[in-house]
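Just so you know, all these numbers are worked out from the coordinates, no wet-lab data involved. Note that the structure is predicted; figures quoted are calculated from it, not measured. Note that we place each Cβ from the backbone using ideal geometry, even for glycine, and neighbour counts take in every protein chain shown.
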Amino acid sequence: MQLARVIGTVVATTKAAGLEGVKLLIVQPLDRAGDPRGSALVAADAVHMAGPGELVYFVSAREAAEALEPSFVPVDHAICAIVDQVHLLGAS
Amino acid sequence: MKVASVVGTVVSTINLPLLEGRRMLVCDVLGPGGPTGESTIALDVVDAGVGDTVLLLDEGTSARQILGLAAGAIRTVVVGIVDDWHGVE
């Protein structure tokens, strides 16, 4: 699971079957220092409360499909939690 | 599985029901020469702490088996605390 910042939203009217009603957000994966790492990607919002600017973590691959209800929604990345705080060793 | 170093913890209030009350750790994946630069968030089932070297499992079916779940969006789990390990440069 990967830490990320929500940086945008995606609206798509025409979608594959199973993706109806799924909120899609653009997230930028971060390293532990909070710096961007890799390309931004589109993740489904499984907590239904995430929005732009928020720190989240997401799960990838088959497990993403299990994050949403009903199970096995066809997505490859899903937001699992909105992060309140990250406590790091040696950081204030 | 990978060897990783626990460098922090993550606190969240709004999360998936299966993550409720679970301890999530920030882990730096280690290679023979030290941190590889890859950092991941993992669920802790062995009471690992910050500073520990741990064994990281990154596969969903095994993760669910450990947690006793038939289904669920969990994939990365800290499954062991490493006492000692030796890498070849």
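Along region A:38-50 the Karplus relation, 6.51 cos²θ - 1.76 cosθ + 1.60 evaluated at θ = phi - 60°, assigns HN-Hα couplings of x, 7, 5, 9, 9, 10, 7, 8, 7, 9, 6, 10, 6 Hz to successive residues, with x for each Gly and Pro. What the phi angles of region B:23-40 give under the Karplus curve with 6.51, -1.76 and 1.60, with θ = phi - 60°, is a coupling list of 9, 10, 10, 8, 10, 9, 5, 9, x, x, x, x, x, 7, x, 7, 10, 9 Hz, glycine and proline written as x. Placing unit charges on the Cβ atoms only, positive for Lys and Arg and negative for Asp and Glu, gives chain A a dipole magnitude near 180 debye about its Cα centre.
Compute the FRET efficiency between B:Leu69 and A:Thr13 as 1/(1 + (r/R0)^6), taking r as their Cβ-Cβ distance and R0 = 35 Å, and round to the nearest 0.05. Efficiency, rounded to the nearest 0.05: 0.50.
Which FRET efficiency value, to the nearest 0.05, do you get for A:Ala61 and B:His86 by plugging their Cβ-Cβ distance into 1/(1 + (r/R0)^6) with R0 = 30 Å? Working from the Cβ atoms, E equals 0.45. Short-range pairs are left out: with C-alpha atoms under 8 Å and at least six residues apart, the relative contact order of chain B is 31 percent. Annotation for region A:21-92: chymotrypsin sites (Phe, Trp or Tyr not before Pro) lying in DSSP loop with at most 13 further Cβ atoms inside 10 Å of their Cβ are A:Phe72. Considering only A:Phe72, A:Ala12, A:Ile82, the residue lying farthest towards the positive end of the dipole of region A:2-82 is A:Ala12, judged by Cα position with unit charges set on Cβ.
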